[in-house]
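To start, the structure itself, in structure tokens.
The values are calculated or read from the model by the stated rules, or taken from the named source; none is laboratory data. Bear in mind the structure is a predicted one, so any value in this text is a computation, not a measurement. Every residue, glycine among them, receives a Cβ derived from its backbone with ideal geometry; neighbour counts consider all protein chains shown.
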Amino acid sequence: MKINDKLIRPVVFFLFLILLFFLKRPCLNLPAFNDEWNYITSILAVYDNHLNPFVTYWAYHPPVFFVFVALLFKLFGCSLAVGRLAIMFFSLSTLYFTFLLGEKLYNKKTGFFAGLLLFFSPFFFAQCGLLYCDMLVTALSTAAIYYFVSGKRRGYLIAATLLVLTKEPAILTVIAIGIYQVILNLPEFTGKSRREEVSSKTKKLILETLFILSPLLFFLVWMILNKLLLGWFFFPLFTSLLERFSLFPDLMKWILRWTFREDFRIFFTGAVILAAFLSLFKKDIRKGFLKNELLLFAILSLISILFFAGIQGKHYGFSMRYLLFLQPLLFLAGTAAVIQLIKNKIAHTLVFLFSIFIFINCWHSRGLPQKDDLNLDYLNIVKIHKEAAGFLAKKFSSRLIVAALPVNNNLTLPVRGYVNRPLANVVDVPPETASQGTIIVVSKYYRIWTDQAEEVIKFQQKTNAALVKKFSRGDEEISIYALP
């Protein structure tokens, strides 16, 4: 092996590390956004329970993420910066395992450009700075697939076990690998094989498949402990073990759109489809692009989309970050396809660099985010709410402030990063009678979140409260009114 080949892995690792540190470091101390509030509450619940994860909290999930971050809180203090450093580590792991998987299936160049494109894609780049468990799911899913295709059983068992104990839908990766294992080995049973040979191969396949699925036993144990200690298997509490599958076609269209099409990902999706089609006629493309593992990627994508457009849609408000773990596979397959379709090294390198340029231009492209943080536009909301909270704390800290969820909690919970000290008189339900000096806060983004938000708006209109100050950034507006 050449000395350069020995150095390429650490060089790629540190390149990804440098990119993450310099481009995402400003996100460490930003206030919390969206569902980060639920995660902070959940982590603190485990923290206060002496790292015992079997404690009731909203949006209860398997324990790995919460115990890990709570442990970091114990060691380094409770802060968003500490939690987001953990997310940066998970992001780095995702990029590196994407490189390793690309190197294993194709070559180092494919793995490197797949990781680089993944990092700069708006969806992934936005998630690198948010305190959700989905980046850990993505890292462990990519790691489990890498260890599986590499034949590293111990690595697979560790990664897959941690994966299924991070979030419930993560079991889909393990199930997909099990299905792939069965499908890939079924042809061995055809032909004129002797009964003894077929029986031996069948036993071997069963044992291998059971090993692949063995992490699900840990998931089952976690469910049983939930039932014994807390009285239910899953959150929400009304979720049963077996649910009737019900597909939501509109949700499926939305998932397909945001997984494979938006922010110019259609280019890589199209490259995969075109390379697969041309491989039927061109031997060089078939040899260079088609790998058995592409079937695994297809199986995982299919069952994941069906799950989230079906059973998931019955109980949760869907967020695209739930399918973040499919993005490394998309960019890996897409990168390999482009290299096969554009053989010239300089040409396909320029294509990748131009794609990165386009991705960067899409970081702020969607306007006001709807139910999600698919690009950096969410920063507008975070920054303007921080500014408005500072104004309220300085001017009206002793006044009664009427603000709907989550603005009310932003003003009363300093851990969210919007105020240094909690404001004392904040309510989310308008008072029955208006009193002089009452402050009313209305957010354009959060006005549709809850019924209380609409009640706050009606209260402002009814009382004819005067506009004191309006904050505006991007498509978000926060209006502060005062009763005369």
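Given the criteria buried (at least 18 other Cβ atoms within 10 Å of the Cβ), assigned by TED's automatic domain parsing to the domain that holds VAL174 and either in contact with a helix residue (DSSP H, G or I) (Cβ under 9 Å, 6 or more places away or on another chain) or over 24 Å from MET135 (Cβ atoms) (or both), does ALA271 qualify?
Values: buried (at least 18 other Cβ atoms within 10 Å of the Cβ): yes; assigned by TED's automatic domain parsing to the domain that holds VAL174: yes; either in contact with a helix residue (DSSP H, G or I) (Cβ under 9 Å, 6 or more places away or on another chain) or over 24 Å from MET135 (Cβ atoms) (or both): yes.
Yes, satisfied.
Given the condition under 14 Å from ILE255 (Cα atoms), at pLDDT 90 or above and surrounded by fewer than 16 Cβ atoms within 10 Å (Cβ to Cβ), answer yes or no: does some residue in the stretch 279-302 qualify?
yes
Could you say which residue among ALA466, ALA434 is in contact with a helix residue (DSSP H, G or I) (Cβ under 6 Å, 6 or more places away or on another chain), assigned by TED's automatic domain parsing to the domain that holds PHE391 and more than 26 Å from VAL382 (Cβ to Cβ)?
ALA434
Which ones in the stretch 449-484 are in a strand (DSSP E or B) and hydrophobic (A, V, I, L, M, F, W, C)? I'd like the intermediate steps shown before the answer.
First pass over the stretch 449-484, keeping only residues in a strand (DSSP E or B): 466-473, 476-482.
ALA466, LEU467, VAL468, PHE471, ILE478, ILE480, ALA482, listed by residue number.
Report yes if GLY151 is modelled with pLDDT of 90 or more and at positive phi, otherwise no.
On the way: modelled with pLDDT of 90 or more: yes; at positive phi: yes.
It is true that GLY151 is modelled with pLDDT of 90 or more and at positive phi.
Check whether at least one residue in the stretch 264-273 is charged (D, E, K, R) and not in a helix (DSSP H, G or I), and report yes or no.
Restricting attention to the stretch 264-273, the residues satisfying the condition of being charged (D, E, K, R) are 265.
Within this subset, residues satisfying the condition of being not in a helix (DSSP H, G or I) are none.
No: the stretch 264-273 contains no residue that is charged (D, E, K, R) and not in a helix (DSSP H, G or I).
Grab the helices (runs of 4 or more DSSP H) fully contained in the stretch 52-146, keeping just those with 2 or more residues being over 13 Å from the mean Cα position of the chain (by Cα). Spell out the reasoning first.
On the way: elements: 64-76, 80-105, 108-120, 122-127.
Per the criteria, 64-76, 80-105, 108-120.
Among the numbered criteria (1) surrounded by fewer than 16 Cβ atoms within 10 Å (Cβ to Cβ); (2) within 27 Å of the chain's Cα centre (by Cα), which one does ASP373 miss?
Failed condition: (1).
Scan the stretch 240-252 for residues that are modelled with pLDDT of 60 or more and not aromatic (Phe, Trp, Tyr) and jot them down.
Residues of the stretch 240-252 modelled with pLDDT of 60 or more: 246-252.
Within the stretch 240-252, SER246, LEU247, PRO249, ASP250, LEU251, MET252 qualify.
Considering THR98, THR142, THR56, THR138, which residue is more than 18 Å from LEU19 (Cβ to Cβ) and of a type in the set (Ser, Thr, Tyr)?
Numbers: THR98 fails: more than 18 Å from LEU19 (Cβ to Cβ); THR142 fails: more than 18 Å from LEU19 (Cβ to Cβ); THR138 fails: more than 18 Å from LEU19 (Cβ to Cβ).
Residue meeting the stated conditions: THR56.
Would the stretch 418-435 turn up any residue that is among the acidic types (Asp, Glu), over 29 Å from the mean Cα position of the chain (by Cα) and surrounded by fewer than 22 Cβ atoms within 10 Å (Cβ to Cβ)?
Checking the stretch 418-435: at least one residue is among the acidic types (Asp, Glu), over 29 Å from the mean Cα position of the chain (by Cα) and surrounded by fewer than 22 Cβ atoms within 10 Å (Cβ to Cβ).
Of everything in the stretch 221-239 that's closer than 14 Å to VAL164 by Cα and either basic (Lys, Arg) or surrounded by 13 or more Cβ atoms within 10 Å (Cβ to Cβ) (or both), which residue is modelled with the highest pLDDT? Walk me through it before giving the result.
So in the stretch 221-239, the residues closer than 14 Å to VAL164 by Cα come out as 221-223, 234.
Checking which are either basic (Lys, Arg) or surrounded by 13 or more Cβ atoms within 10 Å (Cβ to Cβ) (or both) leaves us with 222-223, 234.
Working: TRP222: 96, MET223: 93, PHE234: 81.
Looking at residues that are closer than 14 Å to VAL164 by Cα and either basic (Lys, Arg) or surrounded by 13 or more Cβ atoms within 10 Å (Cβ to Cβ) (or both), I get TRP222.
What tally of residues in the stretch 462-474 results from selecting those that are free of Cβ contacts under 8 Å to residues at least 24 places away in the same chain and either surrounded by 12 or more Cβ atoms within 10 Å (Cβ to Cβ) or among the aliphatic types (A, V, I, L, M) (or both)?
Qualifying residue count for the region: 3.
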